[in-house]
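So the structure is just underneath, and the comments pick up after that.
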Amino acid sequence: MNLLKDLLGKQVIAMVSGLLQPLEGTLIDYGPDVVIINNGVKYLYIPAAHIRFLMQNTEAAASPDHVDQSLPSSQDTISLRPLVENSKGIFTEIYITGVHVLHGYIQNILDDYLLFYSPVFDTILVRMKHLKYMIPYPAKVVPYALKEDELLSNLSAVSVEPDFNRQLENMVGNFIAMDMVNDPQKVGLLKKVQAPMFELVTPNGESIFGLIDHIQTVNFPRK
């Protein structure tokens, strides 16, 4: 990642897997597994594993002389997980897959997934390995023009397993929706989980078998 040293403070373009449009802004910092870009309004924390390529944007306007400090990391070396941990309790935008950009709060950080609360979609399990970018909003931003106590009125403690596979096993017998898409093959009754595979029964009664590793998000069932 030291190859990016000469781009620090310069305007860059980042092509990220799953995104049709590139992410643009000033390269603020980077670490072994994350790149931080400021687009003039927000900070974008991009996992390095999903960056297809990054290049200087020679056609962009000059970078600003001063940019507000980014989300602090608890370690000397910038790393993704501490940054995610420091975003807990901050209204945050994350992108995983499809057309949905999720807005809400990181409720918990487990071994290999996040527990994310969205006022629109409720509680969602988000696989860390599929996180494409994260944007923590400034404290002055009022989401959905609501007060914080109104926004979090439906947020409650959820008991989960630290490992995603084990958590999925605990959800057997529940209806789930995967990957935030309107796809009948990703919505149904979770019948069995035997890593590395799962069995999902679709609305028409058909059993579909898939690899757990390809699951990006799961809507958490409320009982």
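Just so it is clear, none of the values below were taken in a lab; they were calculated from the coordinates. Predicted, not measured: the structure shown is a model, and the values here were computed from it. Don't worry about glycine lacking a Cβ; one is built from the backbone with ideal geometry, like all the others, and counts go over all protein chains shown.
In table form, for the structure just shown:
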{"quantity": "Selection count, the range 9-51, where residues are assigned to a loop (DSSP other than H, G, I, E, B), of a type in the set (A, V, I, L, M) and either touching a Phe, Trp or Tyr at 6+ places or on another chain (Cβ under 9 Å) or surrounded by 14 or more Cβ atoms within 10 Å (Cβ to Cβ) (or both)", "calculated": "1"}
{"quantity": "Test: residue in the range 1-8 that is more than 22 Å from residue 129 (Cα to Cα), among the polar types (S, T, N, Q) and surrounded by 15 or more Cβ atoms within 10 Å (Cβ to Cβ)", "calculated": "no"}
{"quantity": "Flag for residue 191 being among the basic types (Lys, Arg), out of contact with any Leu (no Cβ under 8 Å at 6 or more places or on another chain) and not in a loop (DSSP other than H, G, I, E, B)", "calculated": "no"}
{"quantity": "Matching residues in the range 86-105 - criterion: being within 15 Å of residue 44 (Cα to Cα), surrounded by fewer than 17 Cβ atoms within 10 Å (Cβ to Cβ) and touching a strand residue (DSSP E or B) at 6+ places or on another chain (Cβ under 7 Å)", "calculated": "90, 93, 101"}
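So that you can scan it fast, the table gives a plain yes or no per residue for (1) surrounded by 12 or more Cβ atoms within 10 Å (Cβ to Cβ); (2) within 19 Å of residue 120 (Cα to Cα); (3) in contact with a Ser or Thr (Cβ under 8 Å, 6 or more places away or on another chain):
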| residue | (1), (2), (3) |
| --- | --- |
| 180 | yes, yes, yes |
| 188 | yes, no, yes |
| 192 | yes, no, no |
| 197 | yes, no, no |
| 203 | no, no, no |
| 208 | yes, no, yes |
| 216 | yes, yes, yes |
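Per-residue answers, yes or no, for (1) in a loop (DSSP other than H, G, I, E, B); (2) surrounded by 14 or more Cβ atoms within 10 Å (Cβ to Cβ); (3) out of contact with any strand residue (DSSP E or B) (no Cβ under 9 Å at 6 or more places or on another chain):
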site	(1), (2), (3)
107	no, yes, no
116	no, yes, no
123	no, yes, no
134	no, yes, no
138	yes, no, yes
149	no, no, yes
161	yes, yes, yes
165	no, yes, no
